[in-house]
1. Quick check on my filter: what residues within the stretch 28-53 are loosely packed, with under 14 Cβ neighbours inside 10 Å and assigned to a strand (DSSP E or B)?
2. Filter the stretch 105-125 down to the residues that are under 19 Å from residue 144 (Cβ atoms) and in contact with a helix residue (DSSP H, G or I) (Cβ under 6 Å, 6 or more places away or on another chain), then identify the one that is surrounded by the most Cβ atoms within 10 Å (Cβ to Cβ).
3. Count, please, the residues in the stretch 11-23 that happen to be surrounded by fewer than 17 Cβ atoms within 10 Å (Cβ to Cβ) and either assigned to a strand (DSSP E or B) or touching a helix residue (DSSP H, G or I) at 6+ places or on another chain (Cβ under 7 Å) (or both).
4. Grab the strands (runs of 3 or more DSSP E) fully contained in the stretch 160-214, keeping just those with 2 or more residues being touching a helix residue (DSSP H, G or I) at 6+ places or on another chain (Cβ under 7 Å), closer than 23 Å to residue 138 by Cβ and touching a residue at least 12 places away in the same chain (Cβ under 8 Å).
5. When you scan the stretch 129-143, how many residues do you find that are at pLDDT below 90 and in a loop (DSSP other than H, G, I, E, B)?
6. Sort out which residues of the stretch 54-98 are in contact with a strand residue (DSSP E or B) (Cβ under 7 Å, 6 or more places away or on another chain), part of a loop (DSSP other than H, G, I, E, B) and under 21 Å from residue 13 (Cβ atoms), and write them in order of number.
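The values are calculated or read from the model by the stated rules, or taken from the named source; none is laboratory data. Because the structure is predicted, anything quoted here is derived from the model rather than measured. Here the Cβ is made from the backbone with ideal geometry for all residues, glycine too, and neighbour counts use every protein chain on show.
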């Protein structure tokens, strides 16, 4: 079973406490929304999971082990900013991923790019911001990964494209995988979430099954989010 666990996970930047003793267990086969305002610790948690940061104390485990070479090979990570070589053509980027990741499905990538109307002859840096994000998402979701970690996957695309992109995510992840989505666009992702995590100033203030939460509170996840994090 693919699992992500946090045990008293703490991260400090100087005197600033970004994560404060997080305890959490996320199992495979679930789509989990990691939700919170800017500065809540979402990206810090994600970067620790992807071995881009080290915790100050406590630990984060992927399938019972600390993040390392094995976990990096099993995690498909989509950062919240451009990360691909911008001088390459889209088709070359597909080849780049084919060479780099053993679990990459080249045929799936070509099909998704075609569905999104992306010209594979285009140079990546000449695409619009929204199309660059689509390409990066397609490449990420074309891996047959154990864990998908998506940091703001729909922030830069127009509203008309968001539903299509979310259906692309839901329709293409491995069914025994864990999908962790960090986003501010709660209403857009809510219909697809199995579980939700509200993170506030490095603390988990709400965690549970999305449908049970709606039933028990009589409110949507978006309404609860607005109440919890209102200015």
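1. none
2. 109
3. Final tally of qualifying residues: 7.
4. Result: 178-182.
5. Matching residues across the stretch 129-143 total 0.
6. Passing the criteria: 55, 56, 66, 67, 79, 80.
Per-residue answers, yes or no, for (1) more than 15 Å from the chain's Cα centre (by Cα); (2) within 27 Å of residue 228 (Cα to Cα):
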{"site": "12", "(1), (2)": "yes, yes"}
{"site": "19", "(1), (2)": "yes, yes"}
{"site": "24", "(1), (2)": "yes, yes"}
{"site": "31", "(1), (2)": "no, yes"}
{"site": "37", "(1), (2)": "yes, yes"}
{"site": "40", "(1), (2)": "yes, yes"}
{"site": "44", "(1), (2)": "no, yes"}
{"site": "47", "(1), (2)": "no, yes"}
{"site": "64", "(1), (2)": "yes, no"}
